[in-house]
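Single-structure report; data block below.
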Amino acid sequence: MTIGVKHMRKFVVATLLAGTAVATPALAQDVGPTFTGPRVEAILGYDHVGAGSDVDNNNGRDDQSIDGLLYGVGAGYDINLGSAVVGVEGEYTDSTAKSDRYDLTDQFGFGRVSQGRDLYIGARAGILASPNTLVYVKGGYTNTKLNVLAGDTDETTDTAFKLDGWRIGGGVERAINQNTFAKLEYRYSKYDSAHIDFMDGATSSEFDIDTDRHQVVASVGWRF
């Protein structure tokens, strides 16, 4: 009976040790990054909006730009293909970028342009530089809004310019653990068409524009 108990104890200890050895690698894999599945993120960065290369300088009056703080949220879905990752994504952002407001004169002499909301939808593709580091490029459609306050001695108008264009960019995503990540990204947007929404509800026809946008942003997010 004593020998049987000793053998039973040895068997239990050996089983526990074997189970621990098997569970440890599995646990290590569980906490590693997957770069797969849905994700959400908070976005913060630098925003620069200005006239494009085709805009006449006009002694500095037309070649204008505004700068500010970009902030917003994003969401996406990624698929890990092994050494590569592909996915789709969308964003809603806003910005503090705006021009100065000029004093009223006897002519059309005061106004202000401020950057409004921005909508983006696109795709990205990248390679895994290391098990927890993704280097990627991105591209897609962007629609933004410029709020324009202008007037003279008799009337003030508040209109919204809706701009359509495309965006390209690239960045680095670093997995902090299986669920959380941080990103650093640059993106360039080109807006080449627009229409105006007036205060009375009327909308203009589409017209051509040339507006550039540069952004450098950081994101922190959660992957489900």
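The values are calculated or read from the model by the stated rules, or taken from the named source; none is laboratory data. Quick caveat, the model's predicted, so the values are computed rather than measured. Cβ sites come from the backbone with ideal geometry, for glycine too, and all protein chains shown count toward neighbours. The protein model used for the area step is the full one, side chains on, heavy atoms only, and it has no ligands, DNA or RNA in it. Shrake-Rupley method; radii C 1.70, N 1.55, O 1.52, S 1.80 Å.
Points worth noting:
- Where PHE198 falls short, out of the listed (1) among the hydrophobic types (A, V, I, L, M, F, W, C); (2) open to solvent by less than 70 Å² (accessible area, probe 1.4 Å); (3) modelled with pLDDT under 95: (2)
- In the range 60-71, the residues that are loosely packed, with under 14 Cβ neighbours inside 10 Å and in a strand (DSSP E or B): LEU69
- A Cβ distance below 9 Å, combined with a sequence gap of six or more or placement on separate chains, defines the contacts here; from the range 188-203, residues that are of a type outside the set (Lys, Arg) reach residues that are at pLDDT 95 or above and open to solvent by 40 Å² or more (accessible area, probe 1.4 Å) in the pairs TYR188/ILE168; TYR188/HIS214; SER189/TRP166; SER189/ILE168; SER189/HIS214; TYR191/TRP166; ASP192/TRP166.
- Within the range 169-184, tally of residues that are out of contact with any Ser or Thr (no Cβ under 7 Å at 6 or more places or on another chain) and crowded, with 18+ Cβ neighbours inside 10 Å: 5
- Some residue of the range 202-214 being part of a strand (DSSP E or B), under 16 Å from GLU91 (Cβ atoms) and open to solvent by less than 20 Å² (accessible area, probe 1.4 Å): yes
- Positions within the range 159-168 being in contact with a Leu (Cβ under 9 Å, 6 or more places away or on another chain) and either open to solvent by less than 50 Å² (accessible area, probe 1.4 Å) or over 21 Å from VAL113 (Cα atoms) (or both), in sequence order: THR159, ALA160, LYS162, LEU163
- Taking first residues from the range 130-154 that are under 20 Å from ASP100 (Cβ atoms) and partners that are at pLDDT below 95 and open to solvent by 60 Å² or more (accessible area, probe 1.4 Å), the Cβ contacts under 6 Å between residues at least 6 apart in sequence or on separate chains come to LEU149/ARG112; LEU149/ASP158; ASP152/PHE108.
- Subset of the range 72-94 (residues that are of a type in the set (S, T, N, Q), open to solvent by 20 Å² or more (accessible area, probe 1.4 Å) and part of a strand (DSSP E or B)): ASN80
- Those residues of the range 120-144 which are closer than 23 Å to GLY50 by Cα and of a type in the set (S, T, N, Q), in sequence order: THR142, ASN143, THR144
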